[in-house]
Amino acid sequence: MPNKILDSFYLNNHPDGKAPQKVVIGTLLLYLAVALQMASNLLDGVNLVAFIFIAFFLIYLVFTTGEGRKWARGILLVLILFNSYALVANITHPAPVLKQPQDVAVYKTPVFLLTLFVAEVVIELLAMALVFSKEAKPWFNRERKVIS
């Protein structure tokens, strides 16, 4: 069963050989993070067209990262760093919802969505640590086979 799942994500039967275990785990964690982000976006009420575009774009980036493309890994790193900054900004700077002068500032984001956001960012950072590990370096620096 696990091999069949890995085959469907092209991580087990790549023409250039089997990807290192850290790349496989990192890629699967990135897919999990995309799923969490899409669930969060659905619960937050994102436009359907934007939802579909973001989903396909992120899935494509994760797929190409698992395939061993350096450019996709770099783009994902930048996006994850922006996402981490957004999380820190969301936690440290609550949006004031003041009805009366004596009211205190409260968080605008619901607790459940904030929890999903924290889980997503932690998984993304862990996945990036695996994808940028020393064991993953040869996978991203390998000579590509030309299939004709």
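The values are calculated or read from the model by the stated rules, or taken from the named source; none is laboratory data. These numbers come from a predicted model, not from an experiment. So basically every Cβ, Gly included, is an ideal-geometry build from the backbone, and we count neighbours across all protein chains shown. For accessibility, only protein heavy atoms count, side chains too; no ligands or nucleic acids. Shrake-Rupley method; radii C 1.70, N 1.55, O 1.52, S 1.80 Å.
Condition test on V49, is it surrounded by fewer than 13 Cβ atoms within 10 Å (Cβ to Cβ) and at pLDDT 95 or above?
no
Find the residue count for the stretch 17-46, including only residues that are assigned to a helix (DSSP H, G or I), closer than 21 Å to V131 by Cα and open to solvent by less than 30 Å² (accessible area, probe 1.4 Å).
7
Scan the stretch 121-130 and give yes if some residue there is in a loop (DSSP other than H, G, I, E, B) and closer than 15 Å to A72 by Cβ, otherwise no.
Quick first cut of the stretch 121-130, residues in a loop (DSSP other than H, G, I, E, B) only: none.
There is no residue in the stretch 121-130 that is in a loop (DSSP other than H, G, I, E, B) and closer than 15 Å to A72 by Cβ.
Does P101 meet the test of being assigned to a loop (DSSP other than H, G, I, E, B), at pLDDT below 75 and touching a Phe, Trp or Tyr at 6+ places or on another chain (Cβ under 9 Å)?
No: the conditions fail for P101.
Might you let me know whether the stretch 108-116 holds any residue that is touching a Ser or Thr at 6+ places or on another chain (Cβ under 8 Å), in a helix (DSSP H, G or I) and at pLDDT 80 or above? First the steps, then the outcome.
Going residue by residue through the stretch 108-116, those that are touching a Ser or Thr at 6+ places or on another chain (Cβ under 8 Å) are 113, 116.
Okay, now just the ones that are also in a helix (DSSP H, G or I), so 113, 116.
After this cut, where a residue has to be at pLDDT 80 or above as well, the list is 113, 116.
Yes, the stretch 108-116 has at least one match.
If I ask for residues that are surrounded by 12 or more Cβ atoms within 10 Å (Cβ to Cβ) and at pLDDT 75 or above, which ones from the stretch 79-98 would you list?
Our first condition is that a residue be surrounded by 12 or more Cβ atoms within 10 Å (Cβ to Cβ); within the stretch 79-98, this holds for 79-81, 83-84, 86-87, 90-91, 94.
Across the stretch 79-98, the qualifying residues are L79, I80, L81, N83, S84, A86, L87, N90, I91.
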